[in-house]
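Asker: Below is a structure I'd like to ask you about.
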Amino acid sequence: MRGEQMMREMIFWGATGQAKVLRECMKDSKLELVALFDNNESLTSPFADVTLYFGKKGFEDWMPKRGSNDPVGFLVAIGGDKGKDRIEIQEYLESYGLVALLAKHPTAFIADNVKIGAGSQLLVNCSVCVETVIGCGCIINTGAIVDHECHIGAGVHVCPGAHLAGCVDVGSYSTIGTGAVILPRIRIGQGVIVGAGAVVIENVPSYTIVVGNPARAIRKITK
């Protein structure tokens, strides 16, 4: 509690579109965005008032120069099918004592008994319904619906407008594409990519790409 009261600053790891989305999402948090970090040295900061640093070296140079011992919050602003990367960066920042935040847009509906892991992001007009469990470092994107009693593993991205019906189980690091529909009680394995607009009517094994209506496997993914 004391750390939460003292926290005034946050950083984002990632300096492209997801960072813009998260800054808007967090505008009522009263936390100041003080730095951005990204591994891509060709980028420039998307914000005129926030400096962009590069990679772990940039972060490790920045940390001792902060001038404060107050706790710092963070969010990993990396979308797409990079769930494993999100979790690895989250664990790296936590190892330095930073605090993984929960990003929840004011328009998101989250049922009272939903459990949400640290570092997850619930964006504009999404819905997460009763007795759902969301792992750490997940993104429930704009307009996505996660219905009752779903279980979402770590690092999952439910893309804009995707619909998960009740009692769906999604393994860690999977991506549910824009506008995809997952029927009730379906099990999606780990590291799966469900293509945009796909309609999934049967279980999907881990590390598989499925597309179409009804969804069909088109290839396996190398781990």
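The values are calculated or read from the model by the stated rules, or taken from the named source; none is laboratory data. Bear in mind that the values here come from a model prediction, so they are computed numbers and not experimental data. Positions of Cβ are generated from backbone atoms using ideal geometry, with glycine treated the same way; all protein chains shown enter the neighbour counts. Remember, those area values only see protein heavy atoms, side chains included, never the ligands or the DNA or RNA. Shrake-Rupley method; radii C 1.70, N 1.55, O 1.52, S 1.80 Å.
Asker: Would you check which residues across region 197-217 are of a type in the set (G, A, S) and more than 23 Å from the chain's Cα centre (by Cα) and list them?
Answerer: Matches in region 197-217: G212, A215, A217.
Asker: Collect the residues in region 81-134 that are in contact (Cβ under 8 Å) with a residue 24 or more places away in the chain and among the hydroxyl-bearing types (S, T, Y), keeping them in residue-number order.
Answerer: Y92, Y96 - these are the residues of region 81-134 that are in contact (Cβ under 8 Å) with a residue 24 or more places away in the chain and among the hydroxyl-bearing types (S, T, Y).
Asker: Further, regarding this structure: Given (1) out of contact with any His (no Cβ under 9 Å at 6 or more places or on another chain); (2) without any contact (Cβ under 8 Å) to a residue 24 or more places away in the chain, where does I182 come up short, assuming only one miss?
Answerer: (1)
Asker: Looking at region 134-152 only, could you name the residues that are under 13 Å from A111 (Cβ atoms), open to solvent by less than 10 Å² (accessible area, probe 1.4 Å) and assigned to a loop (DSSP other than H, G, I, E, B)?
Answerer: C150
Asker: Just to be sure, is A144 within 17 Å of the chain's Cα centre (by Cα), of a type in the set (A, V, I, L, M) and more than 19 Å from A217 (Cα to Cα)?
Answerer: So A144 passes the test.
Asker: The conditions are (1) at negative phi; (2) open to solvent by less than 20 Å² (accessible area, probe 1.4 Å), and G155 fails exactly one of them. Which is it?
Answerer: (1)
Asker: Now a separate question. Take residues that are within 21 Å of V170 (Cα to Cα) and open to solvent by less than 40 Å² (accessible area, probe 1.4 Å) and tell me which of the helices (runs of 4 or more DSSP H) falling wholly in region 15-123 contain 2 or more.
Answerer: Correct list: 83-95.
Asker: Would you mind telling me which numbered condition in (1) out of contact with any strand residue (DSSP E or B) (no Cβ under 7 Å at 6 or more places or on another chain); (2) under 29 Å from G143 (Cβ atoms); (3) in contact (Cβ under 8 Å) with a residue 12 or more places away in the chain A15 fails?
Answerer: (1)
Asker: Would you pick out the residues in region 18-51 that are out of contact with any strand residue (DSSP E or B) (no Cβ under 9 Å at 6 or more places or on another chain) and not hydroxyl-bearing (S, T, Y)?
Answerer: Once the filter is applied, which keeps residues that are out of contact with any strand residue (DSSP E or B) (no Cβ under 9 Å at 6 or more places or on another chain) and not hydroxyl-bearing (S, T, Y), region 18-51 yields K20, E24, K27, D28, K30, A48.
Asker: So, one more: Scan region 181-193 residue by residue and report those that are open to solvent by 40 Å² or more (accessible area, probe 1.4 Å), outside any loop (DSSP other than H, G, I, E, B) and farther than 19 Å from I221 by Cα.
Answerer: Of everything in region 181-193, just one residue is open to solvent by 40 Å² or more (accessible area, probe 1.4 Å), outside any loop (DSSP other than H, G, I, E, B) and farther than 19 Å from I221 by Cα, namely V181.
Asker: Determine whether A196 is part of a loop (DSSP other than H, G, I, E, B) and open to solvent by 10 Å² or more (accessible area, probe 1.4 Å).
Answerer: yes
Let's see how each residue does on (1) crowded, with 20+ Cβ neighbours inside 10 Å; (2) over 23 Å from C136 (Cα atoms):
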position	(1), (2)
V168	yes, no
I176	yes, no
G179	no, no
I201	no, yes
G212	no, yes
A217	no, yes
